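Encoded as structure tokens, the structure appears first; notes follow it.
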Amino acid sequence: MKEVEVVGVEVMQVEVVELLVSASHRLAGRPADGPSEGPDDERVPQVEVRRGLGLVGDRYFGRPAHRDASVTVMSAENLPRHIAPAVGLLQTRRNILLRGVDVDSCVGSTIVLDGATGPLAFAVNRPARPCAWMDVTVGPGAQRALRGKGGVRCTPLTDGVLTLGRTGFRVVDVRPPSG
């Protein structure tokens, strides 16, 4: 991977509210059959991020078909709390829940989360479109409520650790270094 030059560094403070690492794909098959068995709580206080591979221990880690979508980030403000007041990552099956930023508007950019353990960069590749499972795991009407705000699918560009709590957030342009 090429070294990059970071341009455009307006930093804002956000909160990493929840982190989820799931070893298995629990929403496979037909929604009418319900989610597959798994642990009651896959939320963790920190995640190990590996460049180009994803989150260590997650079902999409290192899978070639998911390299451009190995990490999913969502904004807490977009959760359909009017449908399920306690909704979070356990129901939406996203990996990183941030409060204080509209990540859905970052498609095509690189975002940097800069917390206590150092900066982590993610290429924001495409929207995470909500599927019919949202009506099962969150509640009726959730799929429609999450259209256009179901989070974003990302590729990690750096190695590191992400923890819960306050973190710096910035959107950057990535260009090959000059010279």
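The values are calculated or read from the model by the stated rules, or taken from the named source; none is laboratory data. Bear in mind the structure is a predicted one, so any value in this text is a computation, not a measurement. Quick reminder, even Gly has a Cβ in these numbers, built from the backbone with ideal geometry, and neighbours come from all protein chains shown. Keep in mind that these areas ignore ligands, DNA and RNA; they rest on the heavy atoms of the full protein, side chains included. Shrake-Rupley method; radii C 1.70, N 1.55, O 1.52, S 1.80 Å.
Quick notes on this one:
- Residue, nearest to THR155 (Cα to Cα), within the range 78-113, restricted to residues that are touching a residue at least 12 places away in the same chain (Cβ under 8 Å), open to solvent by 60 Å² or more (accessible area, probe 1.4 Å) and more than 14 Å from the chain's Cα centre (by Cα): GLY108
- Condition met for LEU98 (at pLDDT 95 or above, in contact with a helix residue (DSSP H, G or I) (Cβ under 7 Å, 6 or more places away or on another chain) and farther than 15 Å from SER70 by Cα): yes
- Subset of the range 134-168 (residues that are assigned to a loop (DSSP other than H, G, I, E, B) and either open to solvent by less than 50 Å² (accessible area, probe 1.4 Å) or within 23 Å of PRO45 (Cβ to Cβ) (or both)): VAL138, GLY139, GLY141, LEU146, GLY150, GLY151, LEU157, THR158, ASP159, LEU164
- Only one of the numbered conditions (1) touching a residue at least 40 places away in the same chain (Cβ under 8 Å); (2) in contact with a helix residue (DSSP H, G or I) (Cβ under 7 Å, 6 or more places away or on another chain) is not met by TYR60, and that is (1).
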